[in-house]
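Every number in this text was worked out from the coordinates using simple rules, so none of it is lab data. Just so it is clear, the model here is predicted, and its values are computed rather than measured. Glycine gets a Cβ as well: all are built from the backbone with ideal geometry, and neighbour counts include every protein chain shown.
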Amino acid sequence: MNRKTRKIIHIDMDCFYAAIEMRDQPHYLNKALAVGGKPEGRGVIATCNYKARKFGVHSALSSREAVRRCPDLIIVPPRFQLYKQESQKIRDIFLRYTKIIEPLSLDEAFLDVSDCEQLNGSATLIAQSIRQSIFEELNLTASAGIAPNKFLAKIASDWKKPNGQFTIKPNDIDEFIKSLPIEKIHGVGKATQKKMHSLNIYTCLDLQNKDLAFLMRHFGTWGERLSELCRGIDERSVKVSRVRKSLSTETTFNKDLDSWEKVEQKMDRIYEEFVYRWKKSNLSGDQVKSLQVKIKYDNFESMTRETQISDLPTFEFCLSFLQKAYYENSRPIRLIGLGVKLKVSETKKQRDQLPLF
Ligand code: DCP
Ligand code: MG
């Protein structure tokens with residue numbers, strides 16, 4: 001059966017928090033500006049404008065290091081309530097075109113406009129029109145990716161960033177995907193990138209040239225998904241009403257970890273990623289129920305342990321909780337996950353605000 005080709009738009013606001021601050025305080029316009037914590041303490045950068053990015057400042061960098069890289073950097077504290085309000089207004093603009101909206105974070109969403117009849121049903125023109133309305137009504141710029149699926153739309157929105165858009169038509173997929181570097185595939189982090197490079201895989205075409213058995217041998221069950229993605233295939237639908245129940249990050253190691261020291265060394269990076277997701281989701285202590293660690297062993301068995309929390313747990317807390325779990329068993333470890341379970345409130349429509357990773 002030949003399914004109708006879908007039209008998916010991924011919208012991602014440009015330096016969202018910083019753009020709002022520049023809009024509201026125009027004297028920041030020509031300055032390098034970041035939103036984040038103070039450099040004197042252990043503050044980190046939430047985001048920064050493009051001028052600051054030229055100096056190597058970026059999200060999740062410590063504010064101290066940011067100021068070292070860019071001494072003139074102005075750092076303002078975040079105003080989350082305002083960012084949420086703006087996010088809602090952006091969503092109201094989306095709703096003029098479709099109800100099928102899946103927010104990924106305050107500044108990012110997928111839209112399925114397959115059945116939208118406006119602008120001759122052209123997803124490219126719809127994206128253009130959405131971006132124009134966002135600009136005219138909110139004085140903020142957005143970038144957009146337009147493609148037949150979520151995977152490609154998300155990549156495309158990055159292509160002409162900032163303030164641009166890029167369409168991948170069904171007939172262009174093969175050509176586009178061939179030269180796409182593997183690190184553009186969601187889920188290919190530093191470790192997988194290294195592994196793929198060592199197997200001489202650099203682009204999606206290189207991946208296409210490996211058969212499924214090869215991919216599954218090297219990447220486990222994920223191999224199947226990889227085999228689809230490297231051909232530009234992604235059947236996931238745009239999910240409207242998912243209520244977020246948890247948030248977590250998982251890391252599979254290149255080599256299994258066989259001592260606590262090795263685990264400890266990896267925890268910095270894992271915790272950093274966890275905090276990144278927490279921040280990006282704008283979570284507050286009253287939304288979380290518990291902290292969860294997951295350990296998967298070399299024999300693929302796994303265990304999870306859970307403890308109550310009421311705020312973002314510190315690095316030390318996570319480390320000692322993991323340590324307890326670690327000593328329950330003595331097998332080498334292949335994967336560690338760190339995350340939180342959220343309270344699912346009936347009244348609060350978290351789905352409107354929380355990203356889904
Ligand atoms: N954010 C955060 N901490 C992070 C990453 C992001 O608080 N480690 C927040 C601030 C951003 C917003 O989430 O403004 C959106 O994240 P993006 O990754 O989309 O970054 P920006 O919108 O700031 O920049 P870009 O223009 O690259 O999309
Ligand atoms: Mg953005």
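Laid out as a table, the results:
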item	result
Inter-label distance for R231 and K178, nm, one decimal - labels placed 7 Å from Cα along Cα-to-Cβ	1.7 nm
Cα-only radius of gyration and Dmax that characterise the chain, units Å	21.3, 62
Candidate lysines - alpha carbon under 18 Å from K324, same-chain residues fewer than 8 apart omitted	K262, K266, K294, K296
Region 323-337 - phi-based ³J(HN,Hα) in whole Hz, Karplus 6.51/-1.76/1.60, Gly and Pro as x	4, 4, 5, 4, 7, 6, 8, 10, 7, x, 10, 9, 8, 10, x
Amide H contacts of V44 (H built 1.01 Å from N, under 5 Å, at least 5 apart or other chain)	G37, S63
Whole-angstrom gap from region 96-149 to region 242-293, using each part's C-alpha centre	32 Å
Net lengthening on full extension, E224/K343 (0.36 nm per residue, minus Cα-Cα)	39.5 nm
Residue-averaged [θ]222 nm for the chain, counting only DSSP H segments that reach four residues, each worth -39500 (n - 2.57)	-10500 deg cm²/dmol
For region 228-286, fraction of C-alpha pairs farther apart than 19 Å, in %	57 percent
Spacing of the two label points (7 Å from each Cα toward its C-beta) at S122 and D286, in nm	4.8 nm
Per-pair calculated FRET efficiency, R0 = 41 Å: K239 and A60 via Cβ, rounded to 0.05	0.95
3J(HN,Hα) from dihedral phi, region 102-115, Karplus parametrisation 6.51/-1.76/1.60, rounded to Hz, x for glycine, proline	10, x, 9, 6, 4, 10, 9, 7, 9, 10, 9, 10, 3, 9
Highest-fluctuation residue, R131, R96, R334 considered, GNM on the chain with Cα pairs under 10 Å	R96
q = 0.12, 0.14, 0.15, 0.27 Å⁻¹: log10 I(q)/I(0) that the Debye formula gives for region 10-83, counting C-alpha atoms only	-0.27, -0.37, -0.42, -1.28
Nearest-0.05 FRET efficiency for R23 and K160, computed from C-beta distance (R0 25 Å)	0.75
Whole-Hz ³J(HN,Hα) from phi, Karplus 6.51 cos²θ - 1.76 cosθ + 1.60, for region 176-191, glycine and proline x	5, 6, 3, 8, 5, x, 4, 5, 7, 6, 4, x, 8, x, 4, 5
Separation between Cα centres of region 165-204 and region 1-69, rounded to whole Å	25 Å
Cα→Cβ-extended label distance, 7 Å offset, between T304 and T5, nm	4.0 nm
Extension gain from H186 to F253, taking 0.36 nm per residue of separation minus the Cα-Cα distance	22.4 nm
